[in-house]
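Below is one structure, written out as structure tokens; the observations come after it.
Any read-out appearing in this document is the output of simple, stated calculations on the displayed coordinates, not a laboratory observation. This one's a predicted model, so the numbers in the text were calculated from it and none came from an experiment. Counting neighbours? That spans all protein chains shown, and the Cβs are built from the backbone with ideal geometry, glycine included.
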Amino acid sequence: MNYLAHLHLGGDTPADMLGSLYGDFVKGPLRGDYPAEIEAAIRLHRKIDGFTDAHPLILQAKRRFPEARRRYAGILLDVFFDHCLALHWQRYSKESLSNFTQRVYGVLQNESDLPGRLQRIAPLMAAQDWLGSYEDFQVLSQVIMGMQRRLSRPEGLQGAMSELEILYAELEQDFLLFYPELMHFADNTRQDLMI
């Protein structure tokens, strides 16, 4: 799952939202460097990633990609599933996508001590409405180009957008089957972590 899904699954408080995003930027053991609520949300983020990576529907979705692309299938699914979530948002939330994303951007703007790279990208995320823009499938080509710039082997994502177009209907079905299970897992895990 990518930013939008983690935020949706992570809970509604500012600490929940921050921890849901920090999960991609804070590595290693959690040792009390952040408030307990934020660290609990980071733990939830990590458990969501573990559940997702091992789930049979996700393994099936990764196998849909050509063998040469499978090394990158996980990151492609992350961004594609954020597209599916944005596209089908009203199935999963009573709040509009626009209101939700504005709340997230407000939380980020009000936090002066964001970790590492998140400090640099948070203003861009809000100014360019990264979360809401996922609703437009064509935006994924820009996201993939951004990922290519950060990879040691950027050629690994060459042509990925075309593959997503070809696999669109099948991957969308995978998402629609998987996401309710992930929501159930996240709800139960959040209760276990007492978020």
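Worth pointing out:
- Dividing the summed helix terms, -39500 (n - 2.57) for each DSSP H run of n ≥ 4, by the number of residues in the chain produces a 222 nm estimate of -23000 deg cm²/dmol to the nearest 500.
- One decimal place: the segment A68-M145 gains 25.9 nm when fully extended, by the rule 0.36 nm per residue minus the C-alpha distance.
- FRET efficiency for the pair A36 and N99, taken as 1/(1 + (r/R0)^6) with r the Cβ-Cβ distance and R0 = 22 Å, rounds to 0.20.
- For the chain: relative contact order, % (alpha-carbon pairs under 8 angstrom, 6 or more apart): 30
- Peptides 157-169, 19-31, 69-81 ordered by average Cβ neighbours within 10 Å, highest first: 69-81, 19-31, 157-169
- Under 5 Å, built H, 5+ apart or other chain: amide partners of T13: none
- Other residues whose C-beta falls under 14 angstrom from the C-beta of G116 contribute a net charge of 0, scoring Lys and Arg +1 and Asp and Glu -1.
- Rg over Rh for the chain works out to 0.94, both radii taken from alpha-carbon positions and Rh defined as the Kirkwood radius.
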